[in-house]
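Asker: The structure under discussion is supplied below as structure tokens; questions concerning it will follow.
FYI, it's all coordinate maths here, none of it is from the lab. Every value quoted in this text rests on a predicted model; they were computed, and no experiment measured them. Using ideal geometry, Cβ is built from the backbone for each residue, glycine included, and neighbour counts are taken over all protein chains shown.
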Amino acid sequence: MHPGRQAYQAPTQTLNGQITFYATPQHVLHTQTMRINAQQPRDILAQLISFDTVSRHSNLAMIDHIANYLADLGVESDIIYDINRQKANLFATLGGPADVPGIVLSGHTDVVPVDGQDWSQDPFTMAERDGKLFGRGTCDMKGFIATCLALAPEIVKAKLREPIHFAFSYDEEVGCRGVSGMIDKISQRNPLPRICIIGEPTSMRVVNAHKGICAYRTTILGREAHSSKTDFGESAIFAAARLVEHLRLTANGLRDGADQSSPFAPPYTTVSVGTLNGGSAINIVPNHCSFDWEYRPLPGEDMDSVLNSLNDFAAEVVLPEMKANFPEAEIRTELIARAPALREEYDSPAEELVKTLTGQNDTYVAAYATEAGLFQDACMSTVVCGPGSIDQAHRPDEYVEISQLNESEAFLRKLVAALSD
Ligand SMILES: [Zn+2]
């Protein structure tokens, strides 16, 4: 059961086409008879939205729901749990011979929080207005997962030359932390899938490159003293200020050295300090300060260069000076999140396939990070292409246009046709 909400009972489906579900937790049970393959993406999306899979909660109820849905189609799911068995990835192979690489369709099951956002409806009950479907995750990115699941009966029925794999992850929104266990598992598959399509919202455009993200918390431990006796203290805030200034200068250097022909906006690796906390009172030399910071490396850039630069400055300059006065002084930097950039591939099979399926010739770059770089680093040709606009993601009254879901459905149907005899 997912926390924070009333129990949602997943639809139970039988092979003879009976489907029974609670549409929302507070609704009464009703039963419909429909053919399994008549499930529309929007019906499936309504079910997925009703699971509160905000990253800090468990996603197991939604994973169970998807696994049951696939099991009714005769498809087995590989559930890859996190260390506490509170969250899981789901990997499933549909159609095609097992000894052929296949195509991965990838999505994340978690969503960003709704705390403090001004929603005009319950974010976890999908609503339809003006050709749009509203709810947390409709755009980012349960809409894509819903179209994958809606097409599953057709995929299973089709005579595919190579399989289609569903790869649904957790904890994407908190730094792409969940997917690695699944990618390790996929990497053991022989043969390895040859292409991965990440269905993040791109308005169904072909995105072949994006920046990465590296986020850290740096903590400084100094010595407390009365502020009139600074010679007895070692200020953690002064040290933090020097480290933050080092990051500012690094950021300026990257900006000033930018290759202006880069398609990215801005065309350089950005560095930002998001929060800084330290000290306890104006008349106490602070013994503690920490700050959270991040950088977003361009594809092809050394992912660790900014981190290494800060670590070197801390170890060679700031810490020795602190230790001269207070030998127990410490500067620690710990990882919050890390996802590599997606690099544009030369002669990319993924790009070629997705361009053919969408009928588009243009490619785009994205400012946001996705799991794509992790799949690419595991030797799968990867692009990002999915329904909905990133402008609607993470916002109150998040929505996806029904026309975008239809495009996603048509895209996947063409993929099935392209892989069929
Ligand atoms: Zn997303």
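Asker: Can you pull the Kirkwood radius for the chain, inverse mean 1/r over Cα pairs, to one decimal in Å?
Answerer: Values: mean 1/r = 0.0430 Å⁻¹.
Its Kirkwood hydrodynamic radius stands at 23.3 Å.
Asker: So, one more: Would you compute, for the Cα atoms of the stretch 59-146, the largest minus smallest coordinate along each principal axis and list the three values in descending order, in whole Å?
Answerer: Cα spread of the stretch 59-146 along its principal axes, largest to smallest: 49, 36, 22 Å.
Asker: Can you tell me the Rg and Dmax of the stretch 286-337, counting just the alpha carbons, in angstroms?
Answerer: Reported Rg and Dmax, both Å: 13.4, 42.
Asker: Report the trypsin sites (Lys or Arg not before Pro) located in the stretch 177-284 that are in a DSSP loop and have at most 10 other Cβ atoms inside 10 Å of their Cβ, or state none. Walk me through the intermediate numbers first.
Answerer: Numbers: sites: R177, K185, R189, R194, R205, K211, R217, R223, K229, R242, R248, R255; in loops: R177, R189, R194, R205, K211, K229.
Hits after loop and neighbour filter: K229.
Asker: Further question on the same structure: Note down the nm distance, to one decimal, between modelled labels 7 Å out along Cα→Cβ at D377 and at N325.
Answerer: 3.9
Asker: Further, regarding this structure: Can you compute 3J(HN,Hα) from phi for each residue in the stretch 252-269, using the Karplus curve 6.51 cos²θ - 1.76 cosθ + 1.60 with θ = phi - 60°, rounded to whole Hz and x for Gly and Pro?
Answerer: 5, x, 5, 5, 5, x, 5, 7, 5, 7, 4, x, 7, 10, x, x, 8, 5
Asker: Another question, then. What distance in nm separates the simple spin-label points at L276 and Y368, each placed 7 Å from Cα in the Cβ direction?
Answerer: 2.9
Asker: Can you tell which of H246, H65, H226 shows the greatest fluctuation in a Gaussian network model of the chain with Cα springs below 10 Å?
Answerer: Maximum fluctuation in the GNM of the chain, among the listed residues, is at H226.
Asker: Let me ask something else about it. Just need the relative contact order of the chain here, percent rounded to a whole number, with Cα pairs under 8 Å and 6+ apart.
Answerer: 21
Asker: Only bridges whose two residues both fall in the chain count here: according to DSSP, what percent of them are antiparallel, nearest 5? It would help to have the intermediate numbers written out before the result.
Answerer: Working: 53 of 71 bridges.
Close to 75 percent.
Asker: While we're on this one: Mind listing the Cα extents of the stretch 104-206 along all three principal axes, in Å, largest one first?
Answerer: Computed over the stretch 104-206, the largest-to-smallest principal extents equal 48, 31, 24 Å.
Asker: Using alpha-carbon pairs under 8 Å, 6+ residues apart, how would you state the relative contact order of the stretch 213-339 in percent?
Answerer: Numbers: 236 pairs, mean separation 53.9, N = 127.
Value for the stretch 213-339: 42 percent.
Asker: Return H394, H210 ranked ascending by Cβ neighbour count within 10 Å, so the fewest neighbours appear first.
Answerer: So the ranking, lowest neighbour count to highest, is H394, H210.
Asker: Then there's this: Which three semi-axes in whole Å describe the equivalent ellipsoid of the stretch 231-314, each the square root of 5 times a Cα gyration tensor eigenvalue, listed largest first?
Answerer: Result for the stretch 231-314: semi-axes of 32, 12, 10 Å.
Asker: Find the relative contact order for the stretch 292-421 and round it to a whole percent, using C-alpha pairs within less than 8 Å whose residues are 6+ positions apart.
Answerer: That works out to 19 percent.
Asker: Any chance you could run the full-extension gain for S228 through N308? It's 0.36 nm times the residue separation minus the Cα-Cα distance, nm to one decimal.
Answerer: Value of the extension gain: 25.2 nm.
Asker: With labels modelled as points extended 7 Å from the Cα through the Cβ direction, what inter-label distance (nm, one decimal) is found for N84 paired with D184?
Answerer: 1.8
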